[in-house]
Amino acid sequence: MRGSLCWIRKTFTAEIAEKSQAGCSCAIGAVKSTAMTNPIPAGHGTPALVGIPFDANSSFMRGTAEAPPIIREAFRSDSTNLCTESGLDLEGNPMFTDAGDMKVSEDHAFRDIEAGISQMLDKGQRPISLGGDHSITYPIVRALYRKFGQLSIIHFDAHPDLYEEFDGNRNSHACPFARILEESMVKQLIQVGIRTMNPHQKKQAEKYEVQVIEMEKLPMYDRLKRAGPVYISFDVDALDPAFAPGVSHREPGGMTVREAMRHLHAITGDIVGADLVEYNPKQDVSNLTAAVCGKILKELLGKMLGC
């Protein structure tokens, strides 16, 4: 029940973010990604939810653009409470905010996303982006790189998403980490739960020295101990479809929700942002995947708030 008692393990101090009433408005004009010669410290900005309802780069089935409001609804559902497993009560907690849904045009989506995330960072916010397909990770990371320099990225997924191009589309949701690596925006990419590695993507992983933790090798908590700025990208199909059927690309043999939580909780470093992507409500069964997404979002917030 929502009224269940929760205990708070730590006391937090940070500025209260100003809540947006109209969502995240994006600047007009292309934003160039430039190398950070003197990256600034990540600091402790306010975690802020932002919906990115974009799925035009989906290769098989669209529908993930419909996910952000459903994830929010599941996150705040009266069927549970807002206590994280570490004991932090998020109910009425002023230490995170919701920036609404980003306005994204299909023709200029990456420009809009990068500009919108940059605006959030300028306000002292740390974005938790609700997708949307996985292609959104690329422009998000571009904005973060311009602010913090090279990141450690921890990527939960069934798929490596390292294609040079997919079906002629270099911006496909199968390609974001190839684009990120090409631009040298990461210190280290660690991929967790992979179980669809093919020869091309294996070659890409070797080329860019990606740390691939395939599903059969789990658990592997020690590989998630990082320092400096960290970005978490969680593709819902990292989970076995028995627990999360609401995805476009169901890949059996995946993580249980408990396995995912244990690996998420093991992450260290200064988490500057995160995304939760590839939930497709059209494929869901009894809102099961929505509930799982609400759970993951709650634990991501707990991690970002230091608990």
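Derivation of every value follows stated rules applied to the coordinates shown; laboratory data play no part. Computed from a predicted structure; not experimentally measured. Because the Cβ atoms are built from the backbone with ideal geometry, glycine has one as well, and the counts that use them run over all protein chains shown.
A Cβ-based charge dipole, computed about the Cα centre of the stretch 62-206 with Lys and Arg at +1 and Asp and Glu at -1, lands at about 480 debye. When the chain is described by a simple charge dipole with +1 on each Lys and Arg Cβ and -1 on each Asp and Glu Cβ, the residue from 306, 68, 263 located farthest towards its positive end is 306. Of the candidates 284, 222, 89, which one comes out as most mobile in a Gaussian network treatment of the chain with C-alpha springs shorter than 10 Å? With Cα springs under 10 Å in the chain, the top fluctuation among 284, 222, 89 is at 222.
Each peptide among 264-275, 91-102, 209-220 gets the average number of other Cβ atoms lying within 10 Å of its residues, and from highest to lowest they stand as 264-275, 91-102, 209-220. Taking only the C-alpha atoms of the stretch 49-304, Rg followed by Dmax gives 16.5, 49 Å. In a Gaussian network model over the chain where Cα atoms closer than 10 Å are linked, find which of 249, 159, 108 has the largest mean-square fluctuation. Answer for the Gaussian network model of the chain: 108.
Distances between placed amide hydrogens fall under 5 Å for residue 270 paired with 228, 230, all partners being 5 or more residues away or on another chain. Counting only DSSP H runs of at least 4 residues, each contributing -39500 (n - 2.57), and dividing by the residue count of the chain, the helix-based mean residue ellipticity at 222 nm comes to -7500 deg cm²/dmol. Packing-based ranking of 116-124, 74-82 yields 116-124, 74-82, ordered from highest to lowest mean Cβ neighbour count within 10 Å.
When the inverse distances between all different Cα atoms of the stretch 107-160 are averaged and flipped, the Kirkwood radius reads 11.9 angstrom. By definition, a body whose alpha carbon gyration tensor gives a ≥ b ≥ c is oblate when a/c is 1.5 or more and a/b is not larger than b/c, and the stretch 141-239 fits this oblate description. Amide H contacts under 5 Å for residue 49: 97, 98, 99, 128, restricted to partners 5 or more places along the chain or on a different chain, H placed in the peptide plane at 1.01 Å from N.
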